[in-house]
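Notes to accompany the following structure.
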Amino acid sequence: MQEVARPRETWRPPLHSQHFFRFTAQAGRSLYGGCCSHPSEPEIEPMSTVFNFTFVPWFRSVAPYIHMHRGKTFVVGIAGEAIAAGKLQHIAQDLALIQSMGVKIVLVHGFRPQVNEQLRAKGHAAKYSHAMRITDEVALDCAQEAAGQLRYEIEAAFSQGLPNTPMAGSTVRVISGNFITARPVGILDGVDFMHSGMVRKVDVAGITRTLDFGAMVLLSPFGFSPTGEAFNLTMEEVATSVATAMQADKLIFLSEIPGIRIHPDQPESEDNPIDTELPLAAAEKLLATLPNAQNPTDTGFYLQHCVKACKAGVERSHILPFAVDGSLLLEIYVHDGIGTMVIDEKLESLREATGDDVGGILQLIEPFENDGTLVKRSRTEIERDADHYTIIEHDGVIFACAALYPYPEAKTAEMAALTVSPHSQGQGDGEKVLKRIEQRARAAGLQSIFVLTTRTMHWFIKRGFVQVDPDWLPEARKRKYNWDRKSQVLVKKLG
């Protein structure tokens, strides 16, 4: 296999972001003064050396994601609960950092808990139906007050260019305006929603001009009718409508939930982690099995908006936990991410092979067999094992493939012949095939996959594989191991 594909979008750094910055601070003290070691203490390696050794490969590995996202447009929806939980300052710092790397950001804030707090202060009960607020005159006044206060807090958070913080030296212009035209929800199933509204139109041209000016666009969940009537909207619908209208590159929700688990109906556990990448077709299938979402903590609440956005042309939608510090950075600039990404990957081109695909597979892998990157396979062998292969095909041409050979007795499987056409490298095809192979192995109840490679070790290591001794191999595979070829064995554990 040759070096393939751009990253998923999001490499995992060797240190968690918080630990990394604490580490750099310690390194700074060792470089510029502070405490000196006591003569009786054992001599240790200078922190500057350790810091350099860690920082340089870390920064080089992040660079591809910086290049990838430069000039892209992200719509970020922040739940009002995140602001109520005191997360605004760190979120603002991360958004400022992301913008400084060339990303255009439209920020949509929610205000559900803030409005409810205002209502409680006035002795007025919050009323909901169909997962939307029923906005009477009192609730509308509370929503306007909450929106004004939150807009002030958000603008202030982006104005704190304090020394020794991520905002130091930054200049973030935050511009808001009447970019949303709304219409009333009206009466649904006999329920009058009064001043609750839905998005009628998005001023794409106005938002685009503002972003091109270099500013961040801030939107409150409010809209106005052509006659000037105000309507209370939901953050989720505003963010989804804006992302769809602008054909944004990403829609990101900073939410109360950590994402969608591999088994959504089962509790959190080591065997039930967050599904970091959910194909659109699988997301639609899951959504159809879930009850109608009423609360933000329901599995389908944010997922329905992610699916709607992807179906309307937004290639990637994300659900992230605001409770995790730096979740935006971890999702955007780390390979595996931290939340769930719903992706419209055009599944009709990513599928399991049939006997009719053997010729295309042979044509794809033959050049890599000739230069020694891949072990040579006969047509008979590929025909026999066609159902083991996953391929990416477009207009009858196969651009990528990989085979999965299970060893059930060892709860593992070999991924073999991972190949991407030179004509499509850099488009993420290698990532897509790897993800599908992982899904197939996981569905078969396997706990890991392994590869044998002589030239592309680092590509796999960046994607979660670790090197092991050939003696690790299942007995059946070990008997076929070519000791003269000296292939390196790499293993990835599956969640």
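Is it the case that residue 490 is farther than 23 Å from residue 397 by Cα, in contact with a Lys or Arg (Cβ under 6 Å, 6 or more places away or on another chain) and either among the aromatic types (Phe, Trp, Tyr) or open to solvent by less than 50 Å² (accessible area, probe 1.4 Å) (or both)?
Details: farther than 23 Å from residue 397 by Cα: yes; in contact with a Lys or Arg (Cβ under 6 Å, 6 or more places away or on another chain): no; either among the aromatic types (Phe, Trp, Tyr) or open to solvent by less than 50 Å² (accessible area, probe 1.4 Å) (or both): yes.
It is false that residue 490 is farther than 23 Å from residue 397 by Cα, in contact with a Lys or Arg (Cβ under 6 Å, 6 or more places away or on another chain) and either among the aromatic types (Phe, Trp, Tyr) or open to solvent by less than 50 Å² (accessible area, probe 1.4 Å) (or both).
Can you spot a residue in region 260-269 that is surrounded by fewer than 18 Cβ atoms within 10 Å (Cβ to Cβ) and either touching a Phe, Trp or Tyr at 6+ places or on another chain (Cβ under 6 Å) or closer than 12 Å to residue 108 by Cβ (or both)?
Within region 260-269 (the criterion being surrounded by fewer than 18 Cβ atoms within 10 Å (Cβ to Cβ) and either touching a Phe, Trp or Tyr at 6+ places or on another chain (Cβ under 6 Å) or closer than 12 Å to residue 108 by Cβ (or both)), the answer is no, since none of the residues qualifies.
Could you please let me know if residue 437 is at pLDDT 95 or above, closer than 26 Å to residue 341 by Cβ and assigned to a helix (DSSP H, G or I)? Show your work before the answer.
Values: at pLDDT 95 or above: yes; closer than 26 Å to residue 341 by Cβ: yes; assigned to a helix (DSSP H, G or I): yes.
The answer is yes for residue 437.
The rows are residues; the columns are (1) within 19 Å of residue 425 (Cβ to Cβ); (2) touching a His at 6+ places or on another chain (Cβ under 7 Å).
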site	(1), (2)
313	no, no
317	no, no
331	no, yes
337	no, no
360	yes, no
375	no, no
380	no, no
385	no, no
390	yes, no
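Residue-by-condition table, conditions (1) open to solvent by less than 10 Å² (accessible area, probe 1.4 Å); (2) in contact with a Phe, Trp or Tyr (Cβ under 8 Å, 6 or more places away or on another chain):
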residue: 74; (1), (2): yes, no
residue: 80; (1), (2): yes, yes
residue: 84; (1), (2): no, no
residue: 88; (1), (2): no, no
residue: 93; (1), (2): no, no
residue: 108; (1), (2): yes, no
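Restricting the search to region 212-230, which residues are hydrophobic (A, V, I, L, M, F, W, C), at pLDDT below 95 and surrounded by 19 or more Cβ atoms within 10 Å (Cβ to Cβ)?
Scanning region 212-230 gives a single hit, 222.
If you check every pair at least six apart or on different chains, which have Cβ atoms under 9 Å apart with a residue in region 50-61 that is of a type outside the set (D, E, K, R) first and a residue that is at pLDDT 80 or above and open to solvent by 70 Å² or more (accessible area, probe 1.4 Å) second?
These pairs meet every condition: 61/462.
Go through (1) of a type outside the set (A, V, I, L, M); (2) farther than 21 Å from residue 255 by Cβ; (3) at pLDDT 90 or above; (4) surrounded by 14 or more Cβ atoms within 10 Å (Cβ to Cβ) and name the single condition residue 166 misses.
Condition (3) is where residue 166 drops out.
I'd like to check something: does region 402-424 contain any residue that is open to solvent by 20 Å² or more (accessible area, probe 1.4 Å) and among the aliphatic types (A, V, I, L, M)?
Among the residues of region 402-424, at least one is open to solvent by 20 Å² or more (accessible area, probe 1.4 Å) and among the aliphatic types (A, V, I, L, M), which makes the answer yes.
Is it fair to say residue 492 is charged (D, E, K, R), under 26 Å from the mean Cα position of the chain (by Cα) and under 18 Å from residue 404 (Cα atoms)? Spell out how you get there, then give the answer.
Details: charged (D, E, K, R): yes; under 26 Å from the mean Cα position of the chain (by Cα): yes; under 18 Å from residue 404 (Cα atoms): yes.
Considered against the rule, which asks whether it is charged (D, E, K, R), under 26 Å from the mean Cα position of the chain (by Cα) and under 18 Å from residue 404 (Cα atoms), residue 492 comes out as yes.
Inside region 262-287, can you point out the residues that are assigned to a strand (DSSP E or B) and either of a type in the set (Ser, Thr, Tyr) or more than 14 Å from the chain's Cα centre (by Cα) (or both)? Quick ask: steps written out before the conclusion?
Our first condition is that a residue be assigned to a strand (DSSP E or B); within region 262-287, this holds for 269, 272, 274, 277-279.
Once the filter is applied, which keeps residues that are assigned to a strand (DSSP E or B) and either of a type in the set (Ser, Thr, Tyr) or more than 14 Å from the chain's Cα centre (by Cα) (or both), region 262-287 yields 269, 272.
Give me the pairs, please: first residue somewhere in region 208-230 and over 23 Å from residue 186 (Cα atoms), second residue anywhere and among the basic types (Lys, Arg) and assigned to a strand (DSSP E or B), beta-carbon distance under 7 Å, and either six or more positions apart or on two chains.
211/104
Return the only residue of 344, 336, 325, 357 being in contact with a strand residue (DSSP E or B) (Cβ under 7 Å, 6 or more places away or on another chain), acidic (Asp, Glu) and open to solvent by 10 Å² or more (accessible area, probe 1.4 Å).
Numbers: 344 fails: in contact with a strand residue (DSSP E or B) (Cβ under 7 Å, 6 or more places away or on another chain); 336 fails: in contact with a strand residue (DSSP E or B) (Cβ under 7 Å, 6 or more places away or on another chain); 325 fails: in contact with a strand residue (DSSP E or B) (Cβ under 7 Å, 6 or more places away or on another chain).
Selected residue: 357, the only one of 344, 336, 325, 357 that is in contact with a strand residue (DSSP E or B) (Cβ under 7 Å, 6 or more places away or on another chain), acidic (Asp, Glu) and open to solvent by 10 Å² or more (accessible area, probe 1.4 Å).
What number of residues within region 193-211 are under 16 Å from residue 231 (Cα atoms) and of a type in the set (Gly, Ala, Ser)?
2
The values are calculated or read from the model by the stated rules, or taken from the named source; none is laboratory data. Computed from a predicted model, the values in this text were never measured in an experiment. Reconstructed Cβ throughout: ideal geometry from the backbone, glycine too, with neighbour counts over all protein chains shown. The accessibility values were calculated without ligands, DNA or RNA, using every heavy atom of the protein model including side chains. Shrake-Rupley method; radii C 1.70, N 1.55, O 1.52, S 1.80 Å.
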